[in-house]
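Below you'll find the structure, written out as C-alpha cells, and then a few comments.
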Amino acid sequence: MPVHQAFLEKLQKNAFAPVDIASLVFFRIAFGLLMVRHVSWYFSDHRIASFWLEPRFLFKYYGFSWVHPWPGNGLYIHCAVVGVLAGLIAAGLLYRASAGLFCLGYTYMFLLDEALWVNHRYLICLFSFLLIFVPANRALSIDAWLNPKIRSETTPAWTLWLLRAQMGVVYFYAGAAKIMPDWLHGAPMRVWLARNTQFPIIGRFFREEWAVYSLSYAAFLFDLFIVPFLLWRRTRVAAFCVAVAFHILNFRLFHIGIFPWLAIAGTTLFLSPSWPRRVLAIFGIRRALGNIGEMQPLAPARQRLVLALVLVYIAIQTVVPLRPFFSRGGIEWIQAEHRFTWRMMLTNKWQRIYFYVTDPNSRRSADQVRPEDFLTPWQVDRMQWRPDMLLQFAHYLAKVMPRAGPKPLRVEARVLIALNGRQPRLFIDQNVDLAAEERSWGRPRWLLEIHEPLPDHRGDPLQDPFEPVIEDQN
C-alpha cells in the first residue's frame, strides 16, 4: 500500500473514531446562552436604531452592497428572532434548523455595515456555521428527549477537531500578528495601560516600563503558544486556567464585549471530551448526559467526503489570514487590512480627516465636507484608517452632493494618521480623485506607505500628537 494511501486511511480512521460528546454538548449550550446575551445587547441603549436605521449611509463589504436593513420594524423583529434561535440552540430544539437560521440571520446583521467590524462578530458567524454540521444535539437536548433514536454519548472525533482548529487559528494568528516592532517595543500596550491606571491592585504599576514590556510579551507568547500547551495532556489544565485568567483580564481592561467569554467557551473544547461528566460527578450527578450507546458510523465513501470538506474548511481558515504577511507596504497596510486575519488591537491611532468636493461644472473652489455631517461618530472613527471605507464614502459624496452640470464631482481627501505615537503622516494620496477610483480587493495604489520608525517612548503616551505640547517655562 502506498505511503500516502496508508496515511489517508489512518487519518480517516482517527477522524471518525468515537469520542465523548459531553464537551461538544457543553459548547453548544454555552454558545447558545452567550448568543442570547449578545443579541439582547443590541436591544439596549437604542443600538439597533443607532447602528443600522439612523445612519444616512452604511458601509458595505466587498461584494455585499445588496445587503440592506429591513424596512419599518423589520430589523427589530429580525434581531428578536435571532435571539430566539440562539435559545433554541442552547436547548437543542430543532437544532440543525435553528443553527442554520441563526447563522444566516446573524451573518445578515454582520454584513449590514462594515464599520461595525470586530473580530468576535466574525467568529460568531464561523462558529454558528460549523454548529450546523456537528451533532451537538444528540445528548442533553430537547431533540434527543423527543426522538430517542438520535441519542448518543459519542461523536466522531472530527467534530471536536474542526471546532478546535477554528479556535486554534484565532489564537495562532493573533500571536503571529504581534511579531512586529511596534508590539515588541510595547507601543500599543503603553497607551492602553496608561488609560487603566485605576485598575484594582496592579493599576498603579501600569506606567512602569517593566509592566508595559511584561504584558506585551505575555500576550504575544500566550497567543502563539497556548494551543500547543492545550493539546499536550500534561499542561492542558494549567494552560486552560491561564487562558481563563487571560481572557478575564482582557475583559476588565479593554471592555471588548462578549469575545473573552466566547473564547473561554471555545477553549474548553481542548480539554478532555469527557470533562463535563467529571465535573458533574464531583457534585454526584452521573447520568445528566445519558449513557445510551454510540452513533452509527457513516459509509466509507461518505466518510471520505466529510473528511475532505473538513480539510478544505481548515485550509481556507489557515490560508486567508496569511494575506497581510505577503502584502507590500508598511504599518499602515498591516493595520488597514486586518479584517478576517485575526490581527487584534495592534495599534493606537490618532486621526484627522478632511474631504474636499470640487464641481468641474462651475468655477467654485473645492468645498470642504465634514464627514460628521453624514456619518455617525463611530462610523467616522472606523472610516479614517480603512482605505476601502474612505473610498466608499467618497463615492457616496459624489452621488449626494449637488452639481451644476453633467461632469462628475471630484472628491479628494486629506487623511493624517499618527500610528503608535509617530508623528502625523498622510495616509492616502491627497491628489487622487477618490470618486473616480474603482474598489479593489488588494492594496489601493493611492495608499501611501508609512515606514517611519517608532519614536522614543519617553513622554506622556496619551498625548495627542495633533495637539501642541505646552512646555513648562518655570
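The values are calculated or read from the model by the stated rules, or taken from the named source; none is laboratory data. The model shown is predicted, which means the values in this text are computed figures rather than measured ones. We place every Cβ from the backbone using ideal geometry, glycine too, and count neighbours over all the protein chains shown. Each accessible area value is taken on the protein alone, full model and side chains, heavy atoms only, with ligands, DNA and RNA left out. Shrake-Rupley method; radii C 1.70, N 1.55, O 1.52, S 1.80 Å.
Side notes on the structure shown:
- The set of residues from the range 243-280 being free of Cβ contacts under 8 Å to residues at least 60 places away in the same chain, β-branched (V, I, T) and crowded, with 17+ Cβ neighbours inside 10 Å comprises just one member, I264.
- Every residue from the range 431-440 that is in a loop (DSSP other than H, G, I, E, B) and either surrounded by 10 or more Cβ atoms within 10 Å (Cβ to Cβ) or over 28 Å from the mean Cα position of the chain (by Cα) (or both): N431, V432, D433, E437, R439, S440
- F222 fulfils the conditions (1) surrounded by fewer than 18 Cβ atoms within 10 Å (Cβ to Cβ); (2) at pLDDT 95 or above except for a single criterion, (1).
- Scanning the range 134-175 for residues that are in contact with a strand residue (DSSP E or B) (Cβ under 9 Å, 6 or more places away or on another chain) and open to solvent by 40 Å² or more (accessible area, probe 1.4 Å) gives R138, E153.
- Residue list for the range 110-124, filter: part of a helix (DSSP H, G or I) and either open to solvent by less than 10 Å² (accessible area, probe 1.4 Å) or of a type in the set (S, T, Y) (or both): E114, A115, Y122, L123, I124
- Any hit, the range 447-461, residues being at pLDDT 85 or above and either surrounded by fewer than 16 Cβ atoms within 10 Å (Cβ to Cβ) or within 27 Å of R323 (Cα to Cα) (or both): yes
- Of everything in the range 39-57 that is in contact with a Phe, Trp or Tyr (Cβ under 7 Å, 6 or more places away or on another chain) and in a loop (DSSP other than H, G, I, E, B), the residue that is nearest to I124 (Cα to Cα) is F57.
- Put simply, of G290, G203, G257 the only residue that is at pLDDT below 90, under 19 Å from the mean Cα position of the chain (by Cα) and either among the small types (G, A, S) or under 30 Å from Q12 (Cα atoms) (or both) is G257.
- When the range 358-391 is filtered for residues that are in contact with a Lys or Arg (Cβ under 7 Å, 6 or more places away or on another chain), open to solvent by less than 60 Å² (accessible area, probe 1.4 Å), within 16 Å of D433 (Cβ to Cβ) and not acidic (D, E), the ones remaining, listed by number, are T358, N361, L391.
- Hits in the range 366-416 (condition: among the basic types (K, R), outside any loop (DSSP other than H, G, I, E, B) and touching a residue at least 24 places away in the same chain (Cβ under 8 Å)): R382, R410, R414
- Matching residues, the range 401-430, being of a type in the set (A, V, I, L, M, F, W, C) and open to solvent by 70 Å² or more (accessible area, probe 1.4 Å): A404
- Among the candidates L311, L346, the residue that is within 23 Å of the chain's Cα centre (by Cα), part of a helix (DSSP H, G or I) and either modelled with pLDDT of 90 or more or not basic (K, R) (or both) is uniquely L311.
- Single residue of the range 16-52 satisfying the filter (of a type in the set (G, A, S) and surrounded by 19 or more Cβ atoms within 10 Å (Cβ to Cβ)) that is farthest from the chain's Cα centre (by Cα): A22
- Per-region count, the range 377-391, residues aliphatic (A, V, I, L, M) and under 15 Å from R56 (Cα atoms): 3
- Among the residues listed as L24, L34, the single one being within 26 Å of L112 (Cβ to Cβ) and not β-branched (V, I, T): L34
- The listed residue being surrounded by 15 or more Cβ atoms within 10 Å (Cβ to Cβ), in contact (Cβ under 8 Å) with a residue 12 or more places away in the chain and within 25 Å of A308 (Cβ to Cβ), out of L131, L193: L131
- Test: residue in the range 91-103 that is in contact with a His (Cβ under 9 Å, 6 or more places away or on another chain) and without any contact (Cβ under 8 Å) to a residue 60 or more places away in the chain: no
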